[in-house]
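K.L.:
I'd like to ask some things about the structure below.
The values are calculated or read from the model by the stated rules, or taken from the named source; none is laboratory data. Owing to the predicted nature of the structure, the values given are computational and were not obtained by experimental measurement. Glycine also receives a Cβ, built like all others from the backbone with ideal geometry; neighbour counts cover every protein chain displayed. Note: areas computed on protein heavy atoms with side chains; ligands, DNA, RNA excluded. Shrake-Rupley method; radii C 1.70, N 1.55, O 1.52, S 1.80 Å.
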Amino acid sequence: MPKIIAKAAYVFFCLSTIYFNTVDNMEGMTWSKAFVVPTILLVYLQHSNWKISFLKAAIFASCFLGDTYRLISPDNYETGQVLCFLIGYLFLLYYLFPEFIKKNLQQKQNVFITALTVTCLTSLSYFILNLNFDALETNPYILIFYSLILAILICTAILEYNRKPDEVSVNLLMLTMFFVFSDAFYIINKFYLSFSLFNFIQITTQVFSYYFLLNLFLGHKRLEDSLDNY
């Protein structure tokens, strides 16, 4: 399959998901979203000579399960979705951390950024603790842990961008920002103010976040290939 067709298919299923979500067709939205991760994975495989590491495959698989868990358990899907995306975030952290620690641990200028991120993390935790948990299907402690892992991802992205604003760090920063926007607007729309614009932003940032995940992996691969050929 030509690469352009796979990319076009990804964009098509993203737009279809957004459309069905906008017109409140949950069945159509769920089925179209089920093809978003497979098509972006196909794009990655086409650019990587059909090779993928176990860790990258696990990240894609976790995101796919999070997107399709509503099909597996239509009546009680919220907890399953959260756990799938949480596992995906943990895999992504594991993928990033070895190189991140090696390059950032000894840079003193990162202390301020880390402190600022910890402050944001504390505020986010307080925000979650004040949610109406009676309306939640998911255990609040899972959500708190989820928010902490997401905050660590944000911290990692900001420090990497501060250290070296290259293609990889830009895509990592955009990826984490889209994760935050998607999760934040989901919470706002569900628990505070239900508004069609918030719903639109949430689903748009979610499906297009995979574009930056793709570019993050491809950017790392290009760096690895250049080092191998050096």
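K.L.:
So in the stretch 64-82, with the set limited to residues that are surrounded by 18 or more Cβ atoms within 10 Å (Cβ to Cβ) and among the aliphatic types (A, V, I, L, M), which one is modelled with the highest pLDDT?
P.N.:
Once the filter is applied, the top-ranked residue is L65.
K.L.:
Which one of F85, F13, F35, F54 is of a type outside the set (D, E, K, R), within 26 Å of F145 (Cβ to Cβ), open to solvent by 20 Å² or more (accessible area, probe 1.4 Å) and in contact (Cβ under 8 Å) with a residue 24 or more places away in the chain?
P.N.:
Numbers: F13 fails: within 26 Å of F145 (Cβ to Cβ); F35 fails: within 26 Å of F145 (Cβ to Cβ); F54 fails: in contact (Cβ under 8 Å) with a residue 24 or more places away in the chain.
Criteria check complete, one pass: F85.
K.L.:
Between S209, S182, S226, which is closer than 28 Å to T39 by Cα, open to solvent by less than 70 Å² (accessible area, probe 1.4 Å) and modelled with pLDDT under 80?
P.N.:
Of the residues listed, the single one that is closer than 28 Å to T39 by Cα, open to solvent by less than 70 Å² (accessible area, probe 1.4 Å) and modelled with pLDDT under 80 is S226.
K.L.:
Looking only at the stretch 40-51, which residues are open to solvent by less than 50 Å² (accessible area, probe 1.4 Å) and touching a residue at least 40 places away in the same chain (Cβ under 8 Å)?
P.N.:
I40, L42, V43, Y44, Q46, S48
K.L.:
Let me ask another. State whether the residues of the stretch 145-167 include one that is of a type outside the set (S, T, N, Q), in contact with a Gly (Cβ under 7 Å, 6 or more places away or on another chain), more than 21 Å from Y10 (Cα to Cα) and assigned to a helix (DSSP H, G or I).
P.N.:
So far as the stretch 145-167 goes, yes, one or more of its residues are of a type outside the set (S, T, N, Q), in contact with a Gly (Cβ under 7 Å, 6 or more places away or on another chain), more than 21 Å from Y10 (Cα to Cα) and assigned to a helix (DSSP H, G or I).
K.L.:
Here's another thing I want to ask about it. Look at F217 and say whether it is open to solvent by 20 Å² or more (accessible area, probe 1.4 Å), touching a helix residue (DSSP H, G or I) at 6+ places or on another chain (Cβ under 8 Å) and of a type outside the set (K, R).
P.N.:
no
K.L.:
Could you tell me whether any residue of the stretch 66-76 is within 23 Å of F217 (Cα to Cα) and in contact with a Gly (Cβ under 8 Å, 6 or more places away or on another chain)?
P.N.:
Yes, some residue in the stretch 66-76 is within 23 Å of F217 (Cα to Cα) and in contact with a Gly (Cβ under 8 Å, 6 or more places away or on another chain).
K.L.:
Next question, about the same structure. Modelled with pLDDT under 80, open to solvent by less than 50 Å² (accessible area, probe 1.4 Å) and aromatic (F, W, Y), is that true of F112?
P.N.:
On the way: modelled with pLDDT under 80: yes; open to solvent by less than 50 Å² (accessible area, probe 1.4 Å): no; aromatic (F, W, Y): yes.
No, not satisfied.
K.L.:
If you take the residues in the stretch 61-82 that are of a type in the set (A, V, I, L, M, F, W, C) and out of contact with any Phe, Trp or Tyr (no Cβ under 8 Å at 6 or more places or on another chain), which one is nearest to I144 (Cα to Cα)?
P.N.:
L65
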